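K.L.:
Provided herewith is a single structure, encoded as structure tokens, for subsequent inquiry.
What follows draws every value from the coordinates through simple rules; no lab data is involved. Predicted model, so just to flag it, every value in this text is computed and none were measured. Using ideal geometry, Cβ is built from the backbone for each residue, glycine included, and neighbour counts are taken over all protein chains shown.
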Amino acid sequence: MTSDLQQAARANTAAVPAISVDGLHKHFGTHEVLKGIDFQAHDGEVVSILGSSGSGKSTFLRCLNLLEMPSAGRLRILGEEVGMKKVGSSLVIADQRQVDRLRTQVAMVFQNFCLWHHMTVLENLMEAPVHVQRRVRGEVRDEALAMLERVGLQDRAGFYPAQLSGGQQQRAAIARALVMRPRALLFDEPTSALDPELVGEVLKVMRDLASEGRTMLVVTHEMGFARDVSSRIVFLEQGTIAATGSPRQLFGGGVSERFDQFVSRFNG
Ligand SMILES: Nc1ncnc2c1ncn2[C@@H]1O[C@H](COP(=O)(O)OP(=O)(O)OP(=O)(O)O)[C@@H](O)[C@H]1O
Ligand SMILES: [Mg+2]
């Protein structure tokens, strides 16, 4: 390939959103939780997803990495449309292997860490790269150890999750997500299960990842993180995007009365 063609290919890749959804709906029985969400996240964006309890934030993230099946809508990851087929009135995954593959590209970090308790930290990190991505064990091991160092856990590789503090477990979970070399990281309230004194160590890792240019979608109640670290805010209310914009726009006030009310709860 000539260098011109390579450049064009790169420019084209940059233009494809890491994640894109059109008309995303999700209902549980008769309860419609997501009511037609259109959203794109481009490489390098850090999007904070804010909203009251029950507004649909977790459901939204879970649909993006197919932990929940959308009820309707189109989802593209790195430009590749996720195959879904209709069975009765529900959508189901058309090709499980495609979903397994794409899911490693949008790695999720959960509120309660979700580490495998019967595995050491190092085994936790190596599991998906070796068994799902089928990468070479020795290389994965080296990368896993480097990622543990990256999050300050180089001396905890052989520990079991129960032997770690909550902050350490969450940093291990972040390292586990990174070893999959994802194009985007999804965080669902990564610090809300932590004792207050452990929140800072996890936020620091997340701030570092953001400053490296990682693509991140973060459901959080940490308004400082949302305001200072994210490039964009998405405010969900009752399953729709009620407001979106830069932190400066939204936190400046006056864009959305509902958002201003929401934020005032954290200031008082
Ligand atoms: N598996 C499920 N079955 C039925 N209803 C569900 C399910 N998961 C979520 N819901 C409902 O969907 C709505 C949105 O839930 P979701 O967990 O997405 O909210 P959230 O914005 O993440 O809230 P929180 O801030 O409390 O975590 C809630 O009314 C919830 O009860
Ligand atoms: Mg939630």
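K.L.:
Take the Cα radius of gyration of the chain and divide it by 2.2 N^0.38 Å, with N its residue count; two decimals is plenty.
P.N.:
So the chain has a normalised radius of gyration of 1.03.
K.L.:
Just how many pairs of Lys in the chain have C-alpha atoms closer than 18 Å, counting pairs that are eight or more places apart or on different chains?
P.N.:
Summing the qualifying lysine pairs gives 5.
K.L.:
Where both partners of a DSSP beta bridge lie in the chain, what percent of those bridges are antiparallel, to the nearest 5?
P.N.:
Counting DSSP beta bridges with both partners in the chain, the antiparallel share is about 60 percent.
K.L.:
Could you work out the Kirkwood radius for segment 15-173, taking every pair of different alpha carbons, averaging 1/r and inverting it, reported in Å?
P.N.:
Its Kirkwood hydrodynamic radius stands at 17.5 Å.
K.L.:
Suppose only helical runs count, i.e. DSSP H with n ≥ 4. What mean residue ellipticity at 222 nm does that imply for the chain under -39500 (n - 2.57) per run, divided by all residues and rounded to the nearest 500 deg cm²/dmol?
P.N.:
For the chain, the value works out to -12000 deg cm²/dmol.
K.L.:
Then there is this: State, in angstrom, two size descriptors of segment 202-268 derived from its alpha carbons: Rg to one decimal place and Dmax to the nearest whole number.
P.N.:
Gyration radius and largest Cα-Cα distance of segment 202-268: 12.2, 33 Å.
K.L.:
Please give the per residue volume of the convex hull enclosing the alpha carbon atoms of segment 69-132, rounded to a whole number of Å³.
P.N.:
124 Å³
K.L.:
State the extension gain, in nm to one decimal, for the chain segment bounded by S192 and H131, taking 0.36 nm per residue of separation less the distance between their alpha-carbons.
P.N.:
Full extension from S192 to H131 adds 18.9 nm.
K.L.:
Only four residue types carry charge here, +1 at the Cβ of Lys and Arg and -1 at the Cβ of Asp and Glu. Report the dipole size of segment 132-268 about the Cα centre in Debye, rounded to the nearest 20.
P.N.:
Once rounded to the nearest 20, the dipole reads 520 debye.
K.L.:
Please work out the ratio of the alpha-carbon Rg of segment 127-235 to 2.2 N^0.38 Å and round it to two decimals.
P.N.:
Expressed relative to 2.2 N^0.38 Å, the Cα Rg reads 1.09.
K.L.:
Give the Kirkwood hydrodynamic radius (Å, one decimal) of segment 16-82, defined as one over the mean of 1/r across all pairs of different Cα atoms.
P.N.:
After inverting the pairwise mean of 1/r, the radius is 12.2 Å.
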